[in-house]
Each structure stands twice: as structure tokens, then as C-alpha cells.
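Below: the structure, in C-alpha cells.
The values are calculated or read from the model by the stated rules, or taken from the named source; none is laboratory data. Please read all numbers here as calculations on a predicted model, not as lab measurements. A quick note on method: Cβ atoms are made from the backbone with ideal geometry, for glycine too, and the neighbour counts reach across all protein chains shown.
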Amino acid sequence: MTRRTSGRPPWALVLPALVAVALLAFPLLGLLARADSANLRRDLASADVLTALRLSLVCSLSATALALPIGVPLAWILARGAAPGLRWLRALVTLPMVLPPVVGGVALLFAFGRRGLLGRWLAEHFGVSLPFTTAGAVLAETFVSLPFLVAAAEAGFRQVDRRYEEAAATLGATRLAVFAGVTLPLALPALGAGTALCWARALGEFGATITFAGNLPGVTQTLPLAVYVALETRPEAAIALSLVLLAVSIAVLAALRGRWAGA
């Protein structure tokens, strides 16, 4: 007779797991412990905090809106395409997820700066200069957050039952109509998850933004950059801003509950 293994994990696994939980939890507890509820409302209502919050929302939502119309078609091609070299394209798309953000900012600078590959052309023919502007901050956030949308959308497209698409095609629907009327609705939960992840990543972007767009109050100083500045002069404001970002992160995880975090 075979022995049934118990559902309880061995202590040799429990103890390291508890250390991992403590490593993740104690920094957050430390942040919450330092929060002063009496001054929190005052810090959140200050002019510089509200300006950084407004700019963060504008930039992150703009980056998400820019990522959607270009990221969803790219995800479909990666999920359904059969052309050679798609694995290299997928590697290129996911590269910003593992690339140090500062390196991404430097790459953006050499691509879209005044002397960059495309930046020089934009400046000479259209008078457009992206570095150290709000549009540059949006571009930096799009660069780092787009892969999260593409990865989630590609997984969603792969899970779509193609029999529904084939049935629509046999009824005379064009390929574009099948995509818009069948594929997209069936992949909508994954697209929603990818959009939320894309927005959250854009909202928390720091390295590429400060390297490519700078840290100009009211122009490119988003919430993460404001936290960095406030930490040196106004720690209370830095805590308040950090709590805002923490609340957003928790809200995103709650929205993705059951799809990414389990349960």
C-alpha cells in the first residue's frame, strides 16, 4: 500500500518560505509604520504632490492609450503568426522587461534625442524635440510598459478556441470581422489584465523617465521622481507619495485576482 503524502509542507520548505515573506513584508510594514495619519492629508494636498500626481496620471494613461492600438496587433501576430524570426521578434518585445530602466533611457536618448537616429530627423523636418518634455516622459513610459500588455494579450489570443473563429469564417465573416467580433471579445479578460499591468508599470516608471525626460517639476516629474526628490528634503511627503503608489499597486493586484495572483 502506498503512503499518502500529507498536504502540509515540510519544515525544510516552510522556514525559507517564511524568510521570503518577511523579506517582502517588512519593508512595506516599515513604510506604513512611518506614515503619520495626522499629516498625511496635508502632505497629499500640497501643490507639488498634486502636480506630480496629475502629471503621473496624464503620462501613464497616455502611455497606456498609446500602447493599446500598437500592442494588441503585435500580440496577435506573435500568437498566430507563422513567419520565421518571430521568436527573435518576441525576444525584442520582451527585452525592456529585463533591461535596466536607465539603459532603456539611454537607448531612447540615442534614438529620439536631438542627435539620435530618429530624433535628428524629427527636429530637422518637424521641429519636434522629445527629450525633457512631457511627451518624452510618455514615450519612456510606453517603452517600458508596452511589453507587459503584449505578453498578456499574446497569452490571451493563444487561449482563444479557434473553432469559434472558424465558424464565423464559414458564415462569411472577413478576417478583420472575425478578429473584431470573435477573437477580441474572447481574449478580453487577458487584454484587461494586460492593460492594467501596462498602466501600473507606466505609473511606477522611474529610470527611463529621469534619464530621457529629466526631472522637471510640472513637466516630467512624475510620482516616482517626486518621491526621489522629496526623500532628501521632505521625508513625510515622500512617504505620502509612496503610499499612493502602494495603494495603486494593491488595487491592480486586486483587479487581477484570480488571473495572475491566484485564488
Condition set of a type in the set (A, V, I, L, M) and without any contact (Cβ under 8 Å) to a residue 24 or more places away in the chain, scope segment 33-56, selection farthest from residue 194 (Cα to Cα): answer is 38
Scanning segment 173-203 for residues that are surrounded by 21 or more Cβ atoms within 10 Å (Cβ to Cβ) and small (Gly, Ala, Ser), the one nearest to residue 245 (Cα to Cα) turns out to be 200
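Table: residues versus (1) among the aromatic types (Phe, Trp, Tyr); (2) in contact with a strand residue (DSSP E or B) (Cβ under 7 Å, 6 or more places away or on another chain); (3) assigned to a helix (DSSP H, G or I).
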{"position": "181", "(1), (2), (3)": "no, no, yes"}
{"position": "200", "(1), (2), (3)": "no, no, yes"}
{"position": "209", "(1), (2), (3)": "no, no, yes"}
{"position": "218", "(1), (2), (3)": "no, no, no"}
{"position": "225", "(1), (2), (3)": "no, no, yes"}
{"position": "228", "(1), (2), (3)": "yes, no, yes"}
{"position": "237", "(1), (2), (3)": "no, no, yes"}
{"position": "243", "(1), (2), (3)": "no, no, yes"}
Taking segment 1-36 and keeping only residues that are in a loop (DSSP other than H, G, I, E, B) and either among the aliphatic types (A, V, I, L, M) or at pLDDT below 80 (or both), one is left with 1, 2, 3, 4, 5, 6, 7, 8, 9, 35, 36
Scanning segment 120-147 residue by residue, those within 17 Å of residue 211 (Cβ to Cβ) and surrounded by fewer than 21 Cβ atoms within 10 Å (Cβ to Cβ) turn out to be 129, 132, 133, 134, 135
If we take segment 116-177, then helices (runs of 4 or more DSSP H) inside it with 2 or more residues that are among the basic types (Lys, Arg) and without any contact (Cβ under 8 Å) to a residue 12 or more places away in the chain are 162-170
